[in-house]
Amino acid sequence: MKHVYLDNAATTSVRPEVIEEMINVLRNDYGNPSSTYAIGRHAKALVENARKIIAKQFNVSSSEIIFTSCGTEGNNWILRSAVKDLGIKRIITTKLEHHAVLNTVKQLNAEFGVELVFLDILPTSEIDYTQLEELLKDESKPTLVTLMHVNNEVGTELDLKRVASLCEAHSALFHCDTVQSIGKTRIDLAETPIDFIVASAHKFHGPKGIGFAFIRKKNVLKPVMFGGEQEKGLRAGTEGVHQVVGMAKALEMAYDLLEEEKAHISSIKEYCKNRLLEVYPDVCFNGNNVGFYNILNVLLPLSEEKAAMMLFQLDMKGIAVSRGSACQSGSQKPSHVLSQFLCAEDLKKPSLRLSFGHENTKEDIDILIDVLKTI
């Protein structure tokens with residue numbers, strides 16, 4: 001049985017070149033980067049070189065890149081620090097955010113009394129930019145806007161430059177969860193005034209357990225963990241040198257191969273849409289009509305009974321897909337994202353999130369369609 005992986009928004013395979021790079025570091029560069037002798041200094045040099053490689057991709061200073069364990073840690077740290085260290089009293093966001101953001105802002109509301117404002121969501125799954133502009137005109141409270149760049153379930157893409165310009169014009173901070181877009185599209189932070197972004201290496205064919213945050217130098221945050229002076233005193237703990245190096249290699253390759261792989265992935269997505277329409281002429285695609293090029297959220301015209309067993313049947317046939325965020329995969333509740341713009345009747349129907357990578361082929365799509373026909 002051929003296994004078909006169509007859940008690249010949940011995680012990605014690690015590129016062979018990244019694995020080799022990491023193995024080389026594990027084998028030869030075991031020194032502690034905080035040590036002052038030669039093997040420690042060499043390990044430190046690898047960490048700092050990786051930081052420069054990452055910073056270069058976004059046109060920022062390497063001092064503005066801080067290594068974390070994942071996107072969740074980065075989001076939590078930035079949002080909590082914005083309230084505790086930078087005096088934020090109002091947060092503008094949406095109910096479409098990843099739970100790493102959504103649950104954090106709700107906790108900040110309960111813990112510190114921060115005002116939470118949720119933007120309206122249009123039927124296209126996009127935010128109401130006019131509403132955001134009107135809200136930002138009220139500058140009576142220090143405000144932070146937190147909006148994800150690419151929605152991890154339906155692929156709706158935020159107009160980064162528009163939001164960043166609005167925030168800058170009204171003296172609001174802008175935090176963007178870029179976990180789904182880093183390595184898949186270019187972001188020039190020198191020309192786009194975003195204050196904070198986060199990334200997780202396993203979303204762009206790097207290792208799990210490592211990520212980074214960009215913190216613009218004018219925003220001075222306090223340590224997320226106390227201990228040593230690692231990460232410029234902001235995140236204590238010995239760096240995972242092999243993971244840092246692996247992440248930098250994965251990001252560098254992602255951007256070196258971006259145009260070629262984007263074209264391939266876009267063609268796979270288009271092929272998948274056309275094949276689905278052949279089998280289900282009344283199929284619907286959730287969210288924006290265009291959407292990000294590697295994510296397709298499909299509303300299938302199946303009954304509740306068939307919907308209940310669909311993922312299980314697909315899995316038994318070797319096909320890996322999801323209903324939505326991997327972090328919520330055990331939940332039987334309707335997607336919190338789809339609930340914001342689908343009607344109650346459509347929420348009862350099965351929605352699949354298909355997310356494609358450079359390793360996918362048209363044969364993978366044909367196998368998926370053949371299995372769906374049997375359901």
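Quick notes on this structure:
- Of all residues in segment 356-375 being more than 14 Å from ASN294 (Cβ to Cβ) and part of a loop (DSSP other than H, G, I, E, B), the one that is most open to solvent (accessible area, probe 1.4 Å): THR361
- For segment 132-165, the set of residues classified as touching a residue at least 60 places away in the same chain (Cβ under 8 Å) and more than 15 Å from ILE121 (Cα to Cα) consists of LEU144, ASN152, listed by residue number.
- Flag for VAL47 being of a type in the set (Val, Ile, Thr), touching a Pro at 6+ places or on another chain (Cβ under 7 Å) and touching a residue at least 40 places away in the same chain (Cβ under 8 Å): yes
- For segment 33-55, the set of residues classified as open to solvent by 60 Å² or more (accessible area, probe 1.4 Å) and not hydrophobic (A, V, I, L, M, F, W, C) consists of SER34, THR36, TYR37, ARG41, HIS42, LYS44, ASN49, LYS52, listed by residue number.
- Exactly one residue among LEU122, LEU46 is among the hydrophobic types (A, V, I, L, M, F, W, C) and in contact with a helix residue (DSSP H, G or I) (Cβ under 8 Å, 6 or more places away or on another chain), and that residue is LEU46.
- Test: residue in segment 265-273 that is part of a helix (DSSP H, G or I), acidic (Asp, Glu) and touching a residue at least 24 places away in the same chain (Cβ under 8 Å): no
- As a summary of the residue check, VAL290 satisfies the conditions (1) touching a Leu at 6+ places or on another chain (Cβ under 6 Å); (2) not in a helix (DSSP H, G or I) except for the one numbered (1).
- Meeting the requirement of 2 or more residues that are surrounded by 19 or more Cβ atoms within 10 Å (Cβ to Cβ) and over 17 Å from the mean Cα position of the chain (by Cα), the strands (runs of 3 or more DSSP E) wholly within segment 120-229 are 143-148.
- The residues listed here are PHE226, PHE204; of these, the one that is modelled with pLDDT of 95 or more and over 30 Å from LYS137 (Cβ atoms) is PHE204.
- Filter pass, TYR293 being of a type in the set (Ser, Thr, Tyr), under 18 Å from the mean Cα position of the chain (by Cα) and crowded, with 16+ Cβ neighbours inside 10 Å: yes
- Hits in segment 230-240 (condition: at negative phi and within 23 Å of the chain's Cα centre (by Cα)): LEU234, ARG235, GLU239, GLY240
- Segment 166-195 residues that are within 17 Å of LYS56 (Cβ to Cβ), paired with ones that are small (Gly, Ala, Ser) and assigned to a loop (DSSP other than H, G, I, E, B) (beta carbon under 8 Å, 6 or more apart): ILE187/SER181
The values are calculated or read from the model by the stated rules, or taken from the named source; none is laboratory data. Note that the coordinates shown come from a computational prediction; the quantities given were computed from them, not determined experimentally. Counting neighbours? That spans all protein chains shown, and the Cβs are built from the backbone with ideal geometry, glycine included. We work out accessible area using only protein heavy atoms, side chains counted, and drop any ligands, DNA or RNA first. Shrake-Rupley method; radii C 1.70, N 1.55, O 1.52, S 1.80 Å.
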